[in-house]
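The values are calculated or read from the model by the stated rules, or taken from the named source; none is laboratory data. The shown structure was predicted, so the numbers you read here are calculated from the model rather than taken from an experiment. Here Cβ is always computed from backbone atoms with ideal geometry, including for glycine, and neighbour counts include all displayed protein chains. What goes into the accessible areas is simple: the full protein's heavy atoms, side chains included, and nothing from ligands, DNA or RNA. Shrake-Rupley method; radii C 1.70, N 1.55, O 1.52, S 1.80 Å.
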Amino acid sequence: QSVAATHNAPAAIDLEIDMDWSLRIADTDTVPLALIFNELLINCLKHRPPDSANQPVRLHLHELRGVGRLTLTCPGARLPEPFDFEQGVGLGTGLGLVKSLLPREGVTLMFRNEPDGVCCEMTLQAPVVLRGSRTPGNTC
């Protein structure tokens with residue numbers, strides 16, 4: 001809600017979690033991933049059109065066989081043309097920061113336009129994601 005308040009945006013977020021809570025984020029990657037997620041959420045709230053402001057942002061966390069997937073859908077938003085995250089084309093300051101913070105291995109980040117908005121999908125796997133007992137502060 002504090003992120004939404006900063007950008008004068010409604011704070012409605014639909015959250016769906018289907019996770020194996022034994023997945024952990026490696027200690028060296030927790031801060032960069034938290035900053036990445038924060039920037040993605042800020043971009044979503046900041047760049048969606050005013051007529052979509054009352055539609056909730058959708059956040060889905062899912063785990064399958066040791067791979068975590070975070071999907072963030074921003075209703076009404078569209079990616080700029082041209083846009084290529086891998087090549088750095090069409091990135092503003094925020095997504096440029098996200099690209100620079102991505103761990104070299106174990107994380108993929110994809111963006112796509114969908115009929116109802118922009119979908120951002122982050123896949124987390126080894127060596128960023130570890131399997132093991134839950135430890136406060138580093139679960140995925």
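A compact table of results
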| quantity | calculated |
| --- | --- |
| Only listed residue being farther than 20 Å from D14 by Cβ, acidic (D, E) and open to solvent by 20 Å² or more (accessible area, probe 1.4 Å), chosen from E63, E86, E114 | E86 |
| Any hit, the stretch 94-107, residues being touching a strand residue (DSSP E or B) at 6+ places or on another chain (Cβ under 7 Å), surrounded by fewer than 16 Cβ atoms within 10 Å (Cβ to Cβ) and closer than 26 Å to A26 by Cβ | no |
| Single unsatisfied condition, L33 versus (1) outside any helix (DSSP H, G or I); (2) out of contact with any Lys or Arg (no Cβ under 9 Å at 6 or more places or on another chain) | (1) |
| Residue check, R69 open to solvent by 60 Å² or more (accessible area, probe 1.4 Å), part of a strand (DSSP E or B), within 22 Å of I25 (Cβ to Cβ) and not hydroxyl-bearing (S, T, Y) | yes |
| Residue in the stretch 3-19 that is more than 22 Å from L95 (Cβ to Cβ), at pLDDT 75 or above and open to solvent by 80 Å² or more (accessible area, probe 1.4 Å) present | no |
| Any chance R58 is closer than 15 Å to R112 by Cβ, surrounded by 18 or more Cβ atoms within 10 Å (Cβ to Cβ) and touching a strand residue (DSSP E or B) at 6+ places or on another chain (Cβ under 9 Å) | yes |
| Complete set of residues in the stretch 34-51 that are over 9 Å from the mean Cα position of the chain (by Cα) and crowded, with 16+ Cβ neighbours inside 10 Å | I42, N43, C44, L45, K46, H47, R48 |
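Let's see how each residue does on (1) of a type in the set (V, I, T); (2) in a loop (DSSP other than H, G, I, E, B); (3) modelled with pLDDT under 90:
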| site | (1), (2), (3) |
| --- | --- |
| D51 | no, no, yes |
| R58 | no, no, yes |
| E63 | no, no, yes |
| C74 | no, no, no |
| E86 | no, yes, no |
| L91 | no, yes, no |
| L97 | no, no, no |
| N113 | no, no, no |
| C119 | no, no, no |
